[in-house]
């Protein structure tokens with residue numbers, strides 16, 4: 001992901017249009033049914049993606065970067081958890 005395509009902004013902002021009992025969203029020149037359970041996940045290998053200000057206000061950025069030091073710090077905790085869960089009373 002190198003940015004957010006402007007065509008997705010109506011979806012990200014949830015610019016929904018009521019049509020009877022259902023909601024639709026306009027993506028480009030098409031009108032598409034909207035499902036309340038819909039979730040959009042955008043992923044990138046770029047450690048510091050550039051998110052335009054107009055998109056940053058409607059998206060949540062989560063950094064899932066993993067480092068060797070972080071993994072080393074988790075290993076002792078995992079061992080302790082495994083040992084605690086496998087001991088019989």
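The values are calculated or read from the model by the stated rules, or taken from the named source; none is laboratory data. Here the structure is a predicted model, which is why all the values come from computation and not from measurement. In this analysis, Cβ positions are derived from the backbone assuming ideal geometry, glycine residues included, and neighbour counts consider all displayed protein chains.
Summary table
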quantity: Selection count, the range 1-21, where residues are in contact with a helix residue (DSSP H, G or I) (Cβ under 8 Å, 6 or more places away or on another chain) and under 16 Å from residue 41 (Cβ atoms); calculated: 3
quantity: Where a residue in the range 49-78 is closer than 30 Å to residue 4 by Cα and its partner, wherever it lies, is modelled with pLDDT of 85 or more and assigned to a helix (DSSP H, G or I), with Cβ under 6 Å and at least six apart; calculated: 58/12
quantity: Identity of the residue in the range 51-70, loosely packed, with under 10 Cβ neighbours inside 10 Å and over 13 Å from the mean Cα position of the chain (by Cα), that ends up modelled with the highest pLDDT; calculated: 53
quantity: Selection count where residues are under 19 Å from residue 60 (Cβ atoms) and either exposed (fewer than 10 other Cβ atoms within 10 Å of the Cβ) or touching a helix residue (DSSP H, G or I) at 6+ places or on another chain (Cβ under 7 Å) (or both), scope the range 26-47; calculated: 9
quantity: Test for residue 11: is it assigned to a loop (DSSP other than H, G, I, E, B), touching a residue at least 24 places away in the same chain (Cβ under 8 Å) and surrounded by 11 or more Cβ atoms within 10 Å (Cβ to Cβ); calculated: no
quantity: Filtered residue count, the range 16-25, keeping only those that are exposed (fewer than 12 other Cβ atoms within 10 Å of the Cβ) and in contact with a strand residue (DSSP E or B) (Cβ under 7 Å, 6 or more places away or on another chain); calculated: 1
